[in-house]
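Engineer: Would you mind keeping the following structure in view while I ask a few things?
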C-alpha cells in the first residue's frame, strides 16, 4: 500500500510550529514501516528528504498562495506528485492542496486511487457541499471534529492524535513550578483570561508566536497581554525551538489550556479546539492539565483524574483549579501520572497510526 499525505503548511522553522503542521508529520512518521508512506508539503525551497526512520518528505514550491494565505498554496506539480499512490491522505479539508488533490484523485480513479482527509479547523467554503462528497473517508481527530464536519457516519472514523511518549516524558529529577501555556497568542486561545486567573504569587510562562490576524482590534492582542501582565510573574518566551519543548513540560507544575468560545473582543469562535496536541504532549510529560470544557478537549482531559475542566472564560474557576494543583504537589503528581498512563494507553502516535491503517485497509477492501 502506497500512501501520500498532503499537508498545506510544513512543520518547523521554514513553516509553522503548530498542531495542524505537526500532526501530518508525526502521523506519517508513525505509519512509515506499516505502509509505503510519503509526506508532501510546500515551501520556498523544493526538496526531497528521506528521514533516518524511512519517511520521505517532498517539498513543492508553490506558484502562488490564494488570498495570500499560508495554508492555501497552489503548485502546478501537485497532480503529478500524487501519481502512484493507492491512498491520498490530505490535511485541512478546505485548503487549496486538498481541493486540487480531490479533483486529481477523481480524474485518476481509473487506477483505483482513494482519497481520505483529516481536517484541522481551517475555514473556507465547501463548494456548496460538493467538496466533502469528493472524499472516500473522513479520519477525524476527535468525535467533536467528526460532528463538526457533518460527514456521513458510515464514511467517518475517529483516529485522534498522539504524542511521542519517549520524547515527551517526565524527569523525576526535575523541579516543577509554575503554570505553562503553549499555543498561538491569539484571542481565542484565552491567554488574557489565564493571566487574570493566575493565583497570587504564581508564575506563568507563555510559549508561542502571535497569530496572523490582520484586523483590528485582534492585532493589538499582544499589547493587551503585556498590559494585563504588569505586576504579575508572567514571561513570554515567544516561539521556542521544537527540541526545547520537552524540557519546558518537564519543569512546569501544570499546563493551562484556556481556549474560549467568545474572545475578549466579542468575536464568537464556532470551532475553537478540535483536539489539542500540546495537551497530549503535556500529559505524556506527566503534567496535569487545566483546560476549557469545549471542542475535543473533554475527550482527552478526564476531569478530576488527569486534570480539570472549567467552563470557557470562567476566570474564577480557572484560578481555583490552578491554585489547587499549585498548592498540592502530591495531587498534581498523581494527576500527572494518570495523564501519562492515559497517553500510553490510547494517545501515542503508534496507536493513532494503527487506527489510521485500519481505516485505510477497510477502504481498499470496500
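The values are calculated or read from the model by the stated rules, or taken from the named source; none is laboratory data. Nothing here was measured: the structure is a model prediction, and the numbers come from that model. For neighbour counting, all protein chains shown are included, and Cβ atoms are generated from backbone atoms with ideal geometry for every residue, glycine included.
Engineer: Does residue 296 meet the test of being surrounded by 17 or more Cβ atoms within 10 Å (Cβ to Cβ), within 20 Å of the chain's Cα centre (by Cα) and under 19 Å from residue 20 (Cα atoms)?
Structural biologist: For residue 296, the condition - surrounded by 17 or more Cβ atoms within 10 Å (Cβ to Cβ), within 20 Å of the chain's Cα centre (by Cα) and under 19 Å from residue 20 (Cα atoms) - is met.
Engineer: Identify the single condition in (1) more than 23 Å from the chain's Cα centre (by Cα); (2) modelled with pLDDT of 90 or more; (3) exposed (fewer than 14 other Cβ atoms within 10 Å of the Cβ) that residue 174 does not satisfy, given that it satisfies every other one.
Structural biologist: (3)
Engineer: Of the residues 191, 205, 216, 198, which single one is touching a residue at least 40 places away in the same chain (Cβ under 8 Å) and under 19 Å from residue 267 (Cβ atoms)?
Structural biologist: 191
Engineer: Now, a different point. Going by what's in this entry, would residue 144 be described as under 27 Å from residue 5 (Cβ atoms), assigned to a loop (DSSP other than H, G, I, E, B) and outside the structural domain of residue 261 (by TED's automatic domain parsing)? Quick ask: steps written out before the conclusion?
Structural biologist: On the way: under 27 Å from residue 5 (Cβ atoms): yes; assigned to a loop (DSSP other than H, G, I, E, B): no; outside the structural domain of residue 261 (by TED's automatic domain parsing): yes.
The answer is no for residue 144.
Engineer: Any chance the stretch 92-110 includes a residue that's in contact with a helix residue (DSSP H, G or I) (Cβ under 6 Å, 6 or more places away or on another chain), part of a strand (DSSP E or B), surrounded by 15 or more Cβ atoms within 10 Å (Cβ to Cβ) and modelled with pLDDT of 95 or more?
Structural biologist: no
Engineer: May I pose another question? Identify, please: which residue in the stretch 199-226 is in a loop (DSSP other than H, G, I, E, B) and over 25 Å from the mean Cα position of the chain (by Cα) and is, among those, modelled with the lowest pLDDT?
Structural biologist: Ranking the qualifying residues of the stretch 199-226, first place goes to 216.
Engineer: Next question. Which is assigned to a loop (DSSP other than H, G, I, E, B), closer than 22 Å to residue 278 by Cα and touching a helix residue (DSSP H, G or I) at 6+ places or on another chain (Cβ under 8 Å), of 240, 234?
Structural biologist: 240
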